[in-house]
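A.B. asks: What follows is a single structure, and I will ask about it in a moment.
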Amino acid sequence: MIERKQYFFSGGGFILEKLNPPRNVNVVVVMSDTLRRDHVGCYGNRAKTPNLDKFAREAAIFENAYIASFPTLPNRSDHFTGRYTFPWRGWAPLPMDELILAETVGYYGVVSMLIGDTYHMFKDNYFYTRGFAGWYWNRGQEGDRLTTDADIPIVYPCAKEKIRWWERGRYENIIRNRYYRHVETDWFAPGTITKAMEWLEHNYKHKSFLLWIDLFDPHEPWDPPQYYIDMYDPDYDLEEDCDYPVYGPLDRFSERELKHMQARYAGEVTMVDKWFGRLMEKIDDLKLREKTLVIFTSDHGHFLGYPGDDGLIGKPIGPKGLMKPIIHIPLLVRMPDGTGAGERIKGIVQPVDTMPTILDFLGIPIPKECHGRSFLPLIKGEEQKFREYALSGSYNRVVHFSNSKWLYGCFYKGPVWSKAVLFDLEKDPYQENNIIDEENEVAREIHEKMIQFLKSIGVPQTQIKKLAP
């Protein structure tokens, strides 16, 4: 029986009826911020990820998942709206007039919960909790203004000039926020997933639910418990020990310091992996596996001085734009019935496909406003090719149109860099040679396809004209 009640639905005003869930199934999404693809076992071997390795054997492995909007908040907007965000706005609140995932599933009676420590989503009226039936913020990540205790000693682990944004006071917040840690669950990923497991224990009997778990790890600062770092670099004894490095060229760090920073990052990844495994065990303990779709992904990668990182650390946008280590992301999707387990899916998918996929799985109609599509047909083998190119970019800075062969990027008029770039990723996987002059015809063809795609999703002509081919 339909419960007759008035619900406010920002995408369509007041709704007089709340519908029952079409299907008795659940969805769990785990977002791991700034996770390099090559640090997940099924994509590379730079970190120990036994739990994700096990999960990958049970899940569909997407080989060509690419970001759309960069960085953190524009990415979440893509996921929550099913629409490309960066052609219209950058780092901004979630608009009040757009149709969003949590609100849509709530209209159909699906209980939704957001649990996270990605503090950008929760702070200063950014509204990324909108539509969720409940939400919990595990506070203290990065520069969160949580603790002002004057008796906490402020000791920098290295020269201040090596620390990103130290002059803004952010790193002093980091020092204060982590002062009271004693056991592993005091760290963010362990504490956030513990809260998610507690929520599951109390809520697993709902007919249908969506649980979105948003982990800021392995984003900086790279400060997991010491035993995770020791897995990768147990003998480090230099005085300089930077866990939040300035973005840019590597020349401000010694080779030994860089190796240790890479170990810190890998330790963060392994910590996330451990607690992701605990979450999967909880799902099994509650006998939810056979009715729950689980999605694991990231919002973008991070340069760490590895081959292909262009001699950089961080995620700066330089004359090559957004390079492949940033835009090529992990995506693992486990179906309740095991469909697609261990299969490597070639179709190009993006964050705008998350909302349509979840709605499709729940049996809820996909709004026409969505730019994305459900990728369930790829997992089921009903489709092979999804889209020809992935559209990625940063508001008023750069736009990329890329696939496994070509990475084409052009800049908005005005920045320091204006010359477009083209890389043949099959011949030049590390993007060392911009061949746009030699392959001008290919670049022109991709550029035209990109412009037509931007027009097809309704990007204003005034914005398109800003692009310098």
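The values are calculated or read from the model by the stated rules, or taken from the named source; none is laboratory data. Keep in mind that what you see is a predicted model, and the values were worked out from it rather than measured. Positions of Cβ are generated from backbone atoms using ideal geometry, with glycine treated the same way; all protein chains shown enter the neighbour counts.
A.B. asks: When the residues of the range 225-251 are filtered to those that are aromatic (Phe, Trp, Tyr) and either over 30 Å from Arg176 (Cβ atoms) or touching a strand residue (DSSP E or B) at 6+ places or on another chain (Cβ under 6 Å) (or both), which remaining residue is surrounded by the most Cβ atoms within 10 Å (Cβ to Cβ)?
C.D. replies: Tyr244
A.B. asks: Further question: Somewhere in the range 386-394, is a residue under 30 Å from Ala341 (Cα atoms) and of a type in the set (Lys, Arg)? Break it down stepwise before answering.
C.D. replies: Of all residues in the range 386-394, those under 30 Å from Ala341 (Cα atoms) come to 386-392.
Among the residues that remain, those that are also of a type in the set (Lys, Arg) are: 387.
Yes, because at least one residue in the range 386-394 is under 30 Å from Ala341 (Cα atoms) and of a type in the set (Lys, Arg).
A.B. asks: If you take the residues in the range 132-146 that are more than 15 Å from Ala196 (Cβ to Cβ) and in contact (Cβ under 8 Å) with a residue 60 or more places away in the chain, which one is surrounded by the fewest Cβ atoms within 10 Å (Cβ to Cβ)?
C.D. replies: Glu142
A.B. asks: What are the pairs with Cβ atoms under 6 angstrom where one residue, in the range 261-275, is in contact (Cβ under 8 Å) with a residue 12 or more places away in the chain and more than 10 Å from Arg46 (Cα to Cα) and the other, located anywhere, is assigned to a helix (DSSP H, G or I) and β-branched (Val, Ile, Thr)? Sequence gap at least six, or different chains.
C.D. replies: Listed by first residue and then by second, the contacts come to Arg264/Ile229; Gly267/Ile229; Trp275/Ile193.
A.B. asks: Checking Gly321 against (1) touching a His at 6+ places or on another chain (Cβ under 7 Å); (2) at pLDDT 95 or above, only one condition comes out false. Which one?
C.D. replies: Evaluating Gly321 over (1) touching a His at 6+ places or on another chain (Cβ under 7 Å); (2) at pLDDT 95 or above leaves (2) as the failure.
A.B. asks: Here's a follow-up. Does Trp222 count as part of a strand (DSSP E or B) and crowded, with 23+ Cβ neighbours inside 10 Å?
C.D. replies: Details: part of a strand (DSSP E or B): no; crowded, with 23+ Cβ neighbours inside 10 Å: yes.
When the stated conditions are applied, Trp222 does not pass them.
A.B. asks: Still on this model: Looking at the range 358-386 only, could you name the residues that are in contact with a strand residue (DSSP E or B) (Cβ under 8 Å, 6 or more places away or on another chain) and either basic (Lys, Arg) or at pLDDT 95 or above (or both)?
C.D. replies: Start the filter on the range 358-386 by keeping residues that are in contact with a strand residue (DSSP E or B) (Cβ under 8 Å, 6 or more places away or on another chain), which leaves 358, 361-362, 375, 378-379, 386.
Matches in the range 358-386: Ile358, Phe361, Leu362, Phe375, Leu378, Ile379.
A.B. asks: State yes or no: is Tyr171 outside any helix (DSSP H, G or I), assigned by TED's automatic domain parsing to the domain that holds Met271 and touching a residue at least 24 places away in the same chain (Cβ under 8 Å)?
C.D. replies: No, not satisfied.
A.B. asks: Can you pull out every residue in the range 148-165 that is in contact (Cβ under 8 Å) with a residue 24 or more places away in the chain and either buried (at least 16 other Cβ atoms within 10 Å of the Cβ) or among the basic types (Lys, Arg) (or both)?
C.D. replies: Pro157, Cys158, Lys162, Ile163, Arg164, listed by residue number.
A.B. asks: Looking only at the range 321-359, which residues are surrounded by 18 or more Cβ atoms within 10 Å (Cβ to Cβ) and assigned to a loop (DSSP other than H, G, I, E, B)?
C.D. replies: If the condition is that a residue be surrounded by 18 or more Cβ atoms within 10 Å (Cβ to Cβ) and assigned to a loop (DSSP other than H, G, I, E, B), then Leu322, Met323, Pro330, Met335, Gly340, Gly347, Ile348, Gln350 are the ones that fit.
A.B. asks: Further, regarding this structure: If Ile366 satisfies every condition in (1) buried (at least 20 other Cβ atoms within 10 Å of the Cβ); (2) in the same structural domain as Tyr84 (by TED's automatic domain parsing); (3) in contact with a helix residue (DSSP H, G or I) (Cβ under 9 Å, 6 or more places away or on another chain) but one, which is the exception?
C.D. replies: Of the numbered conditions (1) buried (at least 20 other Cβ atoms within 10 Å of the Cβ); (2) in the same structural domain as Tyr84 (by TED's automatic domain parsing); (3) in contact with a helix residue (DSSP H, G or I) (Cβ under 9 Å, 6 or more places away or on another chain), the odd one out for Ile366 is (1).
A.B. asks: Right, another one. Would you point out which residue out of Tyr430, Tyr408, Tyr395 is surrounded by fewer than 18 Cβ atoms within 10 Å (Cβ to Cβ) and either within 21 Å of the chain's Cα centre (by Cα) or aromatic (Phe, Trp, Tyr) (or both)?
C.D. replies: After applying the criteria, what remains is Tyr430.
A.B. asks: So if I check each of Glu290, Glu268, Glu255, which one is farther than 14 Å from Leu200 by Cα, within 19 Å of the chain's Cα centre (by Cα) and modelled with pLDDT of 95 or more? Explain how you work it out, then say what you get.
C.D. replies: Working: Glu290 fails: within 19 Å of the chain's Cα centre (by Cα); Glu255 fails: within 19 Å of the chain's Cα centre (by Cα).
Going through Glu290, Glu268, Glu255 in turn, the sole match is Glu268.
A.B. asks: Oh, and also: Could you say which residue among Tyr84, Tyr128, Tyr119 is without any contact (Cβ under 8 Å) to a residue 60 or more places away in the chain, within 22 Å of Ser394 (Cα to Cα) and hydroxyl-bearing (Ser, Thr, Tyr)?
C.D. replies: None of the others qualify; the one that does is Tyr128.
A.B. asks: Taking the options Arg57, Arg46, name whichever one is out of contact with any strand residue (DSSP E or B) (no Cβ under 9 Å at 6 or more places or on another chain) and basic (Lys, Arg). Steps first, please.
C.D. replies: Numbers: Arg46 fails: out of contact with any strand residue (DSSP E or B) (no Cβ under 9 Å at 6 or more places or on another chain).
None of the others qualify; the one that does is Arg57.
A.B. asks: Taking the stated definitions as given, is Ala159 in contact with an Asp or Glu (Cβ under 6 Å, 6 or more places away or on another chain) and small (Gly, Ala, Ser)?
C.D. replies: No; evaluated as a whole, the condition is false for this residue.
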